[in-house]
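One structure below.
Nothing in this text is a laboratory measurement; each read-out follows from the coordinates by a stated rule. Here the structure is a predicted model, which is why all the values come from computation and not from measurement. Cβ placement follows ideal geometry from the backbone for every residue including glycine, while neighbour counts extend to all protein chains displayed.
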Amino acid sequence: MPSKLAPLAVVALLLLSGCGGFLGESTPTPSSGKQTEEPAKWLAPGLTSDGVTDAEALASTHRRSVESQSRTAIRTQTFSAENETVVANTTTVIRMNGGRGPQFVETRSHGPTNVTHAPKRSMVWYNPKTSEFAGSSESKDRAVHYTYHPERDIVLVVNGTYSDRLYSLFTLINTSVDPETVSNSVHRLEGSKRQLRFESEQLRNVTFTARVDYTGVVRSYELRYETERDGMPVQVTERVRITNLGTTEVERPEWVETAKNQEGQSTSADELPADPKNRSAANSTTS
C-alpha cells in the first residue's frame, strides 16, 4: 500500500511543493483485445463508472505502470490572494529513466518562501548505476551552494509518480466519473469537499479533477483549495502532469561538473551552467 501523505522531498536538499497544459498530450486507445461492448470494462482497477471504489488498487496500478517507464512529471503550484492576484508560484520538473536509471529534479520558486514552502531554485542529479550524486541550491541572495558525492548510494523519496499523494486524495475525496468519458479510453474524475485536513494544513472549498486512462495511469490532475500561509489567506491551484512516458531521456547536466569541482563552495547564480532541456520543460509550465 502506498504510504499516506508522503511529503514531497528529495533527500534533505529540496522542499518541493504557473499554469501549464493540464490536459497534457495524447493518450492511448485500447487495443482490439481490450475493446468491448461494455464500456465499464475499459475502466482501470479500483475504478467503476460510479467513481473510485478502491484507492489502493488505483494508486498502486498507476505507480507500477509509471515506474516501469521513463517519464517526465511536472508539478506547478500557483498561490493567489483573495483578489485573485498571483503572489507566488512553484514549478517542479522530475525526469527519470525506468528502473534504476539517472534521475533529475529541479524546482523553481517565485515569491515569498513562507508562502511557497520551497527554495528559489534547487536541483538534484543522481545516477544509481555510477552512484554519482550532485545537488545545487540557490538562496534568495542568488548564491548557489553545491553538493557532490562520486560514490553515494541514495534513494530519491519522490519518484515522479505522485502515487502516494493520489492515494491520499482518492481516499479523502469522493470522486465520480464524468459519464461522457465512460466509453472512452481516458476518464475524467471529479470530486469536491467543503473542508479537508491534508498534510498538516486545513483546506477549504477543495475541488479535485483527474484524468485516468484505461491502463490505470493518472495522466494529470488539478487540485484547488483555500488555506492560510503565515497568516495570509491564499487560494492554491496545484497541477500535476505526467508526460513523455517511455520517451524521456535523462542526460547528465553541465552543472554537475561545476558541482564536482566546487563541492562545498558557493557561486553566483549567474554563473550556474544551464540545462536547456530542463529549462524548456520548466518554462512551459509557467506561461
Env charge @ Gln77, Cβ radius under 10 Å, K,R +1 / D,E -1, value +1
Let me make sure I get this right: for region 155-213, a, b and c are the square roots of the gyration tensor eigenvalues over alpha carbons, sorted descending. Under 1.5 in a/c it's rounded, otherwise prolate if a/b > b/c, else oblate. Which is it? oblate
Take peptides 254-262, 120-128 and line them up by average Cβ neighbours within 10 Å, highest first, as a rough protection proxy. 120-128, 254-262
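Pulled fully out, how much extra length does the chain show between Ser139 and Glu82, if you take 0.36 nm times their separation in residues and subtract their Cα-Cα distance? Each step should come with its number before you reach the end.
Details: separation 57, 0.36 × 57 = 20.52 nm, distance 2.83 nm.
Difference between extended and current length: 17.7 nm.
Can you sort Arg64, Arg241 from fewest to most other Cβ atoms within 10 Å of each residue's own Cβ?
Details: Arg64 13, Arg241 22.
Sorted ascending by nearby Cβ count, the order is Arg64, Arg241.
Under unit Cβ charges (Lys, Arg +1; Asp, Glu -1), what dipole magnitude, rounded to 20 debye, does region 37-105 have relative to its Cα centre? Walk me through the intermediate numbers first.
Numbers: 7 positive and 8 negative charges, 122 e Å.
In debye, rounded to 20, region 37-105 gives about 580.
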Please list, in order along region 222-239, the HN-Hα scalar couplings obtained from phi with the Karplus expression 6.51 cos²θ - 1.76 cosθ + 1.60 (θ = phi - 60°), rounded to whole Hz, x for Gly and Pro. 9, 10, 10, 6, 10, 7, 10, 10, 6, x, 9, x, 9, 9, 10, 10, 10, 10
Starting with the highest mean, order 196-208, 66-78 by the number of other Cβ atoms within 10 Å, averaged over the residues of each peptide. 66-78, 196-208
Using a simple spin-label model with points 7 Å from Cα along the Cα→Cβ vector, what separation in nm is obtained for Asn174 and Ser131? 5.2 nm
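Report the FRET efficiency, 1/(1 + (r/R0)^6), for Glu254 and Arg64, where r is their Cβ-Cβ distance and R0 is 45 Å, rounded to 0.05.
On the way: r = 34 Å, r/R0 = 0.75.
Calculated value: 0.85.
At 0.36 nm per residue, minus the direct Cα-Cα distance, what do Ser200 and Ser49 gain on full extension? Give it in nm, one decimal, please. List each step's numbers first, then the result.
Details: separation 151, 0.36 × 151 = 54.36 nm, distance 3.20 nm.
Result for the pair: 51.2 nm of gain on full extension.
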Output wanted: per-residue J couplings in Hz (rounded whole) for region 84-95, from phi through Karplus 6.51 cos²θ - 1.76 cosθ + 1.60, θ = phi - 60°, x for Gly and Pro. 6, 6, 5, 9, 6, 7, 9, 10, 10, 10, 10, 10
Between region 73-126 and region 215-261, the Cα center-to-center distance that results, in Å: 6 Å
